[in-house]
Amino acid sequence: MLEMYFPPSFFDIMVHLTIHLAREARLCGPVQYRWMYPFERYMKILKGYVMNRAHPEGCIAERYLAEECSILCSKYIKQAVEIGHKYGRNEEFDNGLLIEGNALSKAKKITLAPEMLRAAHHYVLINSDESRPYSNLHLEELQRLDKRLSKNETLLHNKHKKSFAEWFEKKIKDESMVQDVSTTLKWLAGGPIDLSLSYTGFIINGVRYHTIEADKSRQTCGISIEADTLCRSSAKDNSMKDSPVSYYGVLRDVIVLSYHAFQIALFKCDWANIANGVKFEDGFTLVNLHEGLSQSKRDPFILASQAKQVFYSREDESSSWYVVMQAPPRGFYEMEKCNETAFTPFETSRLDYNEDHDEPYARIGVDGMLCDA
């Protein structure tokens, strides 16, 4: 019947195999009870142990014993890599002072301009879990000292950005004289050193990033972040409210700030203008990556741990608009969540089971062979 619709070249070995799959499943049952693929694959490994073809069994036994001993010893050596353990391509590891992430390129020493260094340090302070309570305390103090700041959110945050680092350093020094302060807060209050490290590639949260200059054959420079931003509901509305806003841009540089005892990685990005550089059409998010990118030069930094990778697909060669596409990191699988409220336990008392009834344990309804004892 199939030959009436398909040419002879269609019937290769794979098509021929599917004809027998249904019959094999009916005769033999589930595949895991008769699957020989794992054993055939392991035979390939054992054959690779043979170095002397005159004594293949001896080579396999000796190599297998040596490998077992090496694996056992590697588990008791502190810095030894366990034999046979496969590490993920984007897996992070402990690399010294750096808190999160792992660099992919050779470090380049740079000196940030004083304005950029202050902006980077301020972003680290307001996004650090340990210094965030002090940030809220500083905002409350500014509103208490100046009543105008409580009515103007923009003026309040500008004042907070200019004076928080200096206020935080003085506050930590005063508290350290009275009580014990964590080492992290002391180093954060002291600020980063002038000399920073620059990288063209970075791995964090299982995602591999490259700067736009180094990203020639890959699309790993797209960055997205959702942040709370002061927004107005309309042009006539003077009241400002914090609302979550999605920002889209490209990675320009990976900068690692050194706080002596630890290091923090920052992404320096060129961000699209959210006013006229981002639009939504037909269910897609479009971003303009050629105009208005210079408006965020005063505050281009985000923590590397906050970044989410996106990909940009250009509408056509002449257009400056790109369609935003998202993909999960490699090795990440979003499993379906089970609704616990929907599960109802089954009552075993409802089962009609007779212990005296002798039930046959042989599979019926299929071809078989009787064997005498």
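The values are calculated or read from the model by the stated rules, or taken from the named source; none is laboratory data. Note that this is a predicted model, so its numbers are computed, not measured. Positions of Cβ are generated from backbone atoms using ideal geometry, with glycine treated the same way; all protein chains shown enter the neighbour counts.
Would you confirm whether or not the range 81-91 contains a residue that is over 30 Å from Ala265 (Cβ atoms), in contact with a helix residue (DSSP H, G or I) (Cβ under 8 Å, 6 or more places away or on another chain) and modelled with pLDDT under 80?
yes
Name the one entry in Leu98, Leu104 that is modelled with pLDDT under 90, within 24 Å of His260 (Cβ to Cβ) and either assigned by TED's automatic domain parsing to the domain that holds Val207 or not charged (D, E, K, R) (or both). Show your work before the answer.
Working: Leu104 fails: within 24 Å of His260 (Cβ to Cβ).
Residue meeting the stated conditions: Leu98.
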Flagged in the range 251-285 as modelled with pLDDT under 90 and of a type in the set (Asp, Glu), in numbering order, are Asp270, Glu281, Asp282
Flagged pairs (Cβ under 6 angstrom, 6 or more apart or on separate chains; first in the range 102-118, surrounded by fewer than 16 Cβ atoms within 10 Å (Cβ to Cβ); second among the polar types (S, T, N, Q) and assigned to a strand (DSSP E or B)) are Lys108/Ser198; Ile110/Ser196; Ile110/Ser198
Those residues of the range 1-43 that are within 30 Å of Arg63 (Cα to Cα) and hydroxyl-bearing (Ser, Thr, Tyr) come to a total of 3
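One line per residue, one yes/no per condition, for (1) within 18 Å of Asp253 (Cβ to Cβ); (2) aromatic (Phe, Trp, Tyr); (3) over 23 Å from the mean Cα position of the chain (by Cα):
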{"residue": "Asn102", "(1), (2), (3)": "yes, no, no"}
{"residue": "Ile110", "(1), (2), (3)": "yes, no, yes"}
{"residue": "Met116", "(1), (2), (3)": "yes, no, yes"}
{"residue": "Ala119", "(1), (2), (3)": "yes, no, yes"}
{"residue": "Asn127", "(1), (2), (3)": "no, no, no"}
{"residue": "Glu141", "(1), (2), (3)": "no, no, yes"}
{"residue": "Arg144", "(1), (2), (3)": "no, no, yes"}
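Every residue, every condition in (1) among the charged types (D, E, K, R); (2) modelled with pLDDT under 70; (3) surrounded by 11 or more Cβ atoms within 10 Å (Cβ to Cβ); (4) in a strand (DSSP E or B), yes or no:
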residue: Met325; (1), (2), (3), (4): no, no, yes, yes
residue: Cys338; (1), (2), (3), (4): no, yes, no, no
residue: Asp358; (1), (2), (3), (4): yes, yes, no, no
residue: Cys371; (1), (2), (3), (4): no, yes, no, no
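Please go through the range 249-279 and pick out each residue that is among the small types (Gly, Ala, Ser) and under 21 Å from the mean Cα position of the chain (by Cα). Steps first, answer last, please.
Just the residues of the range 249-279 that are among the small types (Gly, Ala, Ser), to begin with: 249, 258, 261, 265, 272, 275, 277.
Within the range 249-279, Gly249, Ala265 meet the criteria.
Just the residues that are without any contact (Cβ under 8 Å) to a residue 60 or more places away in the chain and either assigned to a loop (DSSP other than H, G, I, E, B) or surrounded by fewer than 16 Cβ atoms within 10 Å (Cβ to Cβ) (or both), please, taken from the range 170-184. Give the steps one after another, and end with the answer.
The first filter runs over the range 170-184 and keeps only residues without any contact (Cβ under 8 Å) to a residue 60 or more places away in the chain, leaving 170-182.
Residues satisfying the conditions are Lys170, Lys173, Asp174, Glu175, Ser176, Met177, Val178, Gln179, Asp180, Val181, Ser182.
Scanning for something assigned to a helix (DSSP H, G or I), within 18 Å of Lys297 (Cα to Cα) and acidic (Asp, Glu), does the range 137-148 turn up at least one residue?
no
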Within the range 225-242, of all residues that are loosely packed, with under 12 Cβ neighbours inside 10 Å and assigned to a strand (DSSP E or B), the one modelled with the highest pLDDT is Glu226
Point to revise | Meets criteria (assigned to a helix (DSSP H, G or I) and within 30 Å of Glu68 (Cα to Cα)) for Glu24 | key: no
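Among the candidates Tyr199, Tyr248, single out the residue that is surrounded by 16 or more Cβ atoms within 10 Å (Cβ to Cβ), out of contact with any Lys or Arg (no Cβ under 9 Å at 6 or more places or on another chain), at pLDDT 85 or above and not basic (Lys, Arg).
On the way: Tyr199 fails: out of contact with any Lys or Arg (no Cβ under 9 Å at 6 or more places or on another chain).
None of the others qualify; the one that does is Tyr248.
Are any residues in the range 140-154 closer than 23 Å to Val124 by Cβ and hydrophobic (A, V, I, L, M, F, W, C), and if so, which ones? Even if it seems obvious, please write down each step before you answer.
Residues of the range 140-154 closer than 23 Å to Val124 by Cβ: 140-142, 153-154.
The answer is Leu142, and nothing else.
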Picking from Leu139, Leu145, the residue that is of a type outside the set (D, E, K, R), under 23 Å from Ser243 (Cβ atoms) and not assigned by TED's automatic domain parsing to the domain that holds Phe267 would be Leu139
| Lys47: modelled with pLDDT of 90 or more, under 30 Å from Ser182 (Cα atoms) and either outside any helix (DSSP H, G or I) or not assigned by TED's automatic domain parsing to the domain that holds Val207 (or both), yes or no? | no
